[in-house]
Amino acid sequence: MATRTDLRNVAIIAHVDHGKTTLVDGMLWQSGAFRTGQDVDERVMDSMDLEREKGITILAKNTAVAYTTPAGEDMTINIIDTPGHADFGGEVERGLEMVDGVVLLVDASEGPLPQTRFVLRKALAKKMPIIVVINKVDRPDARISAVEEEVYELFMDLIEDDDADNALDFPVVYASAKARRASRNQPADGEMPDSDSLEPLFATILDTIPAPEYTEGAPLQAHVTNLDASPYLGRLALCRIVQGTLKRGQTVAWCRADGAVQNVKLSELLITKALERVQADSAGPGDIVAIAGIPEITIGETLADPENPVPLPLITVDEPSISMTIGINTSPLSGRSGKQLTARLVKARLDAELIGNVSLRVSNTERPDTWEVQGRGELQLAVLVELMRREGFELTVGKPQVVTRMIDGKLHEPVERLTIDIPDDFVGTVTQLMGLRKGHLEQMVNHGTGWVRVEYIVPARGLIGFRTEFLTETRGTGLMHHVFEGMAPWAGELRTRPTGSLVADRQGSVTSFALFNLQERGTMFVGPGDEVYEGMVVGENARADDMDVNPTKEKKLSNVRSSTGDELERLVPAKLLNLEQAMEFCREDECLEVTPDKVRIRKVTLAANQRAKERRKS
């Protein structure tokens, strides 16, 4: 087998917020991708508006770093920056198809967390060489040696017995991505690495990650691992060339997912340099390229030699665990702010999402204007709804539900591994919350710093709506992360939200006079002047049952003036829920009305008399 010694393909994987995108920034700066003094955004790889707002990576993206070794050799390192949330695990699985090794980032204080386990399990399953980077070593609360031990324990937990010797022999690099420094020598806790650049990390990547291998003279094989779009070229397919050479204007065999083979001509060939895609005449084995000219190409398909088309295996991803319904807006206030209103447009947008998002599923329901969308988690589905909302869609979104399966004749549901970091004062509170959600305690560790880490295995439906209550009970100090663990027998009924809803009984504008009398009943979600309608949830009832209320009631005026009669009503400010909080708040008989301007919670059945009939029947 021949090798491309001038090229390395590597993915950076980690738990969310452990510094992946910041490290890629540092590698780009030190490779000379930006000129001195150039105005470059922080976390330059997070290019979506939603990624910048939330501070997370949602889509896997690639960049190419040009690096010159101390011996003067010019190297290209293709880096795939992957998301840290398990909800976007399909992006991680797809990114691993493009590379020959991974850099696993671990925070020097937080240590390995659930998503670290998730992404490492995927890399080990592909038997890839791994470099461990312990990042943020300059944090005041860094505990480098303890975290390194935890990483070894995690490897021991995940590797197969026959791979133990090879998998545990991984290099460790100590880094501060923000300061753009790395070293192979362990610094003291809270201290900077002894090197003043990322040179040791580059050297470790070149030594540990194997160069792409190929067979001399083999026919073309290129695997489509991602999709993009260009306003000038149309759909772009991002490919990893496995064998052979790809040229601009070349005719190739397009091996489709359904088994059909079709000859097509490539209109453009682009290769990545830093953050730009530039035209190239040809590309060889191991290169990651973008090609144009095939409008219907999808992820997992193969470009091959027309005379000898040999398709590569399709990309497989984990099954979805959470579902919810998405349909057109059916509320009385529909059409006020959105432009995309019809079922045809909603279905076309969901179908377009399926092309680039391999971990989503869309299926029909009993209603022709509503579809069931299945994904990896609440966050993934919330991001899809938020994107559609910003594009001008008005939607009715159902409460998230778990996807169950029948295994050996028994009903099984997804369970999650939940890791919680809390001050030790709140251990009892969290234990009580998890007991109500049928959580099983797996591990409890007290680091001696006043903080405790607890791990639970808990049914996924027990975590729907848990985050808000958890933050309230821990006074905003708790940290929680969870990742899909597997399927387990149905755990029985779980307690839902302990409070009820305040439901408007008529359409109109909210008045401050009505709110003044209602705010004693619970927490209000609307303010004076907001439009409401019958069946819309306007607040949270302090008691467990729902209450129909009139938030549009006006003060009766008379001719008689009184010096004490016109007192100002002092109102408690309304609690404004964002999309994720509103999804968590929903009960089984409630759904969301999502428009570009507002997110409203409403009853599935709007009419109060109809809801009363349904209650009596049940």
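The values are calculated or read from the model by the stated rules, or taken from the named source; none is laboratory data. It should be emphasised that the depicted structure is a prediction, and the values quoted were computed from it without experimental measurement. Ideal geometry is used to build each Cβ from the backbone, glycine not excepted, and the neighbour counts take in all protein chains shown. For accessibility, only protein heavy atoms count, side chains too; no ligands or nucleic acids. Shrake-Rupley method; radii C 1.70, N 1.55, O 1.52, S 1.80 Å.
Restricting attention to segment 93-124 and to residues that are in a loop (DSSP other than H, G, I, E, B) and of a type in the set (A, V, I, L, M, F, W, C), the residue that is surrounded by the fewest Cβ atoms within 10 Å (Cβ to Cβ) turns out to be Met98.
Under 6 Å between Cβ atoms, at least 6 apart or on separate chains: pull out the pairs that start in segment 590-602 with a residue that is assigned to a strand (DSSP E or B) and end on any residue that is basic (Lys, Arg). What qualifies is Glu590/Lys603; Glu593/Arg600; Glu593/Arg602; Val594/Arg389.
Per-residue answers, yes or no, for (1) at positive phi; (2) among the aliphatic types (A, V, I, L, M); (3) out of contact with any Phe, Trp or Tyr (no Cβ under 8 Å at 6 or more places or on another chain); (4) open to solvent by less than 30 Å² (accessible area, probe 1.4 Å):
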{"residue": "Asn357", "(1), (2), (3), (4)": "no, no, yes, yes"}
{"residue": "Glu366", "(1), (2), (3), (4)": "no, no, yes, no"}
{"residue": "Gln374", "(1), (2), (3), (4)": "no, no, yes, no"}
{"residue": "Glu391", "(1), (2), (3), (4)": "no, no, yes, no"}
{"residue": "Glu394", "(1), (2), (3), (4)": "no, no, yes, yes"}
{"residue": "Val397", "(1), (2), (3), (4)": "no, yes, yes, yes"}
{"residue": "Gln401", "(1), (2), (3), (4)": "no, no, yes, no"}
{"residue": "Asp408", "(1), (2), (3), (4)": "yes, no, yes, no"}
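For segment 279-296, a residue qualifies if it is at pLDDT 85 or above and either of a type outside the set (A, V, I, L, M) or open to solvent by 10 Å² or more (accessible area, probe 1.4 Å) (or both), and the qualifying residues are Gln279, Ala280, Asp281, Ser282, Gly284, Pro285, Gly286, Asp287, Gly293. Residue count for segment 229-264 under the criterion of being surrounded by fewer than 21 Cβ atoms within 10 Å (Cβ to Cβ), among the basic types (Lys, Arg) and touching a residue at least 60 places away in the same chain (Cβ under 8 Å): the result is 1.
Among the residues of segment 240-287, none is identified as hydroxyl-bearing (Ser, Thr, Tyr) and either outside the structural domain of Thr298 (by the TED database) or on the phi > 0 side of the Ramachandran plot (or both). Checked against the criteria, Thr204 counts as within 30 Å of Ser109 (Cα to Cα) and touching a strand residue (DSSP E or B) at 6+ places or on another chain (Cβ under 7 Å).
Within segment 565-597, the residues that satisfy the criterion of being surrounded by fewer than 16 Cβ atoms within 10 Å (Cβ to Cβ) and of a type in the set (Lys, Arg) are Arg570, Lys575.
Any residue at all in segment 66-77 that's farther than 20 Å from Ala175 by Cα, polar (S, T, N, Q) and modelled with pLDDT of 70 or more? Within segment 66-77, one or more residues are farther than 20 Å from Ala175 by Cα, polar (S, T, N, Q) and modelled with pLDDT of 70 or more.
Within segment 302-322, the set of residues being open to solvent by 10 Å² or more (accessible area, probe 1.4 Å), within 26 Å of the chain's Cα centre (by Cα) and of a type outside the set (Val, Ile, Thr) comprises Pro313, Leu314, Asp318, Glu319. Among the residues of segment 371-379, are any more than 27 Å from Ser334 (Cα to Cα), in the same structural domain as Thr474 (by the TED database), of a type in the set (D, E, K, R) and in contact (Cβ under 8 Å) with a residue 24 or more places away in the chain? Within segment 371-379, not a single residue is more than 27 Å from Ser334 (Cα to Cα), in the same structural domain as Thr474 (by the TED database), of a type in the set (D, E, K, R) and in contact (Cβ under 8 Å) with a residue 24 or more places away in the chain. Take the conditions (1) modelled with pLDDT under 85; (2) in the same structural domain as Gly462 (by the TED database); (3) among the β-branched types (Val, Ile, Thr); Ile420 misses just one of them, which is (1).
The numbered conditions (1) in contact with an Asp or Glu (Cβ under 6 Å, 6 or more places away or on another chain); (2) open to solvent by less than 30 Å² (accessible area, probe 1.4 Å) are all true for Pro219 except (2). Restricting to segment 61-92, name every residue that is without any contact (Cβ under 8 Å) to a residue 40 or more places away in the chain, more than 21 Å from Gly284 (Cβ to Cβ) and part of a strand (DSSP E or B). Correct list: Lys61 only. Given the criteria more than 30 Å from Glu110 (Cα to Cα), in contact (Cβ under 8 Å) with a residue 12 or more places away in the chain, touching a Cys at 6+ places or on another chain (Cβ under 9 Å) and not acidic (Asp, Glu), does Asn226 qualify? So Asn226 passes the test. The set of residues in segment 389-411 being more than 18 Å from Cys586 (Cβ to Cβ) and not basic (Lys, Arg) consists of Glu391, Gly392, Phe393, Thr404, Met406, Ile407, Asp408, Gly409, Leu411. Consider Met156 carefully, then state whether it is of a type outside the set (Asp, Glu), out of contact with any helix residue (DSSP H, G or I) (no Cβ under 7 Å at 6 or more places or on another chain) and in contact (Cβ under 8 Å) with a residue 40 or more places away in the chain. So Met156 fails the test.
In this entry, Thr330 passes the filter for residues that are modelled with pLDDT of 90 or more, within 24 Å of Arg602 (Cβ to Cβ) and open to solvent by 60 Å² or more (accessible area, probe 1.4 Å).
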